[in-house]
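Step one of this worksheet: look at the structure below.
The values are calculated or read from the model by the stated rules, or taken from the named source; none is laboratory data. Everything numeric here is computed off the predicted structure, so don't read it as measured data. Here the Cβ is made from the backbone with ideal geometry for all residues, glycine too, and neighbour counts use every protein chain on show. SASA here: full protein model, heavy atoms, side chains in, ligands and nucleic acids out. Shrake-Rupley method; radii C 1.70, N 1.55, O 1.52, S 1.80 Å.
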Amino acid sequence: MSAQLITASLVQGAQSIVVFTGAGVSAESGLPTYRSGENALWSAANFERFANPRGYRSHLPASYEWYRQRALAAAAAQPNPAHVAIAQLAMLVHNLVVVTQNVDGLHARAGSPDIIELHGHLRTARCDRCEARVAWSDAPDEPVCHHCGGMLRPDVVMFEENLAEEALERARTAAASCDLLISVGTSNLIWPARELPILAHDAGANVLIVNTDFAGQPTGARFHHLSGRAGDVLPELVRLLAQPEAKL
Ligand code: APR
């Protein structure tokens, strides 16, 4: 049996699925990942200037402009076949939640109905002082809040910041109670998100890892590795599942 068929039978047997995604799922939409590929976002210089609140604050206004350009690039990007396949998968199985580390909003634009954005999003900037939000498309040229004069910053979770507690708890509960977690396009390095596949596995679920590179990925009895680009692998999986005569 091919790896795809084995995978499709895993999905077919699952009642409750978590799709856990990272930047690799958006690579085929033309958005750079953080740590892979030639244009990786986290060059040493970018990491120092933009990754945590201290760096952000001390490198204004360049840091604000960097996030604004990322937000505009995300808004201009289109969901790719991987995002679309994940949205279609939700129609084919009983219960599916997308838990994403991505901030680009492409799962929602592809139509996934239930999405937990663990690391925030690039739809708005927010004031560090009064919490007022402004869409990046309307954001001022200077990182200054129009309401109170406070500092504007992206609505993402930076390093050294806490994830939204409710989002994290929902993601943990979903991982601990699913039959199958499909991890797509994440290096699976960053805590606490990286706990989720382990949490699912240790609670008895199968974990399917779809990636172009398996360095550092967890291994174990119920970890399955499927090599390939998300935009190739996931549509094929959905095609196999959607065949009405499919007996996998
Ligand atoms: N299909 C599948 N996987 C891919 C593809 C593709 N077309 N292209 C790249 N990948 C894989 C890479 O092999 C790598 O494992 O996607 C992963 C991207 O990893 P990272 O760049 O580390 O991105 P991510 O895992 O999302 O990072 C997690 O780190 O800096 C923080 O907050 C940031 O949310 C981010 C978190």
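Could you run the Debye sum over the Cα atoms of the chain, one equal point scatterer each and no solvent, and tell me log10 of I(q)/I(0) at q = 0.09, 0.11, 0.12 Å⁻¹, two decimals? Debye output, listed in q order: -0.40, -0.59, -0.69. Based on protein heavy atoms only, the range 134-248 ends up with 50 Å² per residue of surface accessible to a 1.4 Å probe. Across every direction, the projection of the convex hull enclosing the Cα atoms of the range 121-190 has a mean area of 6.5 nm². Just to check, using Stokes-Einstein with a Kirkwood Rh over alpha carbon pairs, what's the diffusion coefficient of the range 173-248 at 37 °C and 0.692 mPa s in µm²/s? In µm²/s, the coefficient rounds to 248.
Our note on the geometry: Cα centres of the range 29-44 and the range 157-236, 20 Å apart.
Amide hydrogen proximity for Phe20: with H placed 1.01 Å from N in the peptide plane, the residues at 5 or more positions away or on another chain lying under 5 Å are Val99, Ile182, Ser183, Val184.
Counting each DSSP H run of 4 or more residues in the chain as -39500 (n - 2.57), what helix-only mean residue ellipticity at 222 nm follows after dividing by all residues, to the nearest 500 deg cm²/dmol?
Mean residue ellipticity at 222 nm (helix-derived): -10500 deg cm²/dmol.
Applying a 4.7 Å Cβ-Cβ cutoff to the chain, the cysteines left without a disulfide-compatible partner are Cys178. For the range 28-125, the solvent-accessible area with a 1.4 angstrom probe is 45 square angstrom per residue.
Stokes-Einstein diffusion of the range 1-114 at 10 °C, 1.306 mPa s viscosity, Kirkwood radius from Cα pairs, rounded to a whole number: 100 µm²/s. By the equivalent-ellipsoid construction on the alpha carbon gyration tensor, the range 46-161 comes out with semi-axes of 30, 14, 13 Å, ordered largest to smallest.
If I compute solvent accessible area with a 1.4 Å probe over the protein chains, what percent of it on the range 31-178 is carbon and sulfur?
On the way: 3730 of 7350 Å².
Carbon plus sulfur share of accessible area: 51 percent.
Kirkwood analysis of the range 44-83, using all unique Cα-Cα pairs, places the hydrodynamic radius at 11.2 Å.
When each of the peptides 23-34, 97-108 is scored by how many other beta carbons lie within 10 Å of its residues on average, the order from highest to lowest is 97-108, 23-34. Cα extents for the range 103-156 along the principal axes, largest to smallest and rounded to whole angstrom: 37, 19, 12. In a fully extended conformation the segment linking Ala221 and Trp42 would gain 61.2 nm over its present Cα-Cα distance, using 0.36 nm per residue.
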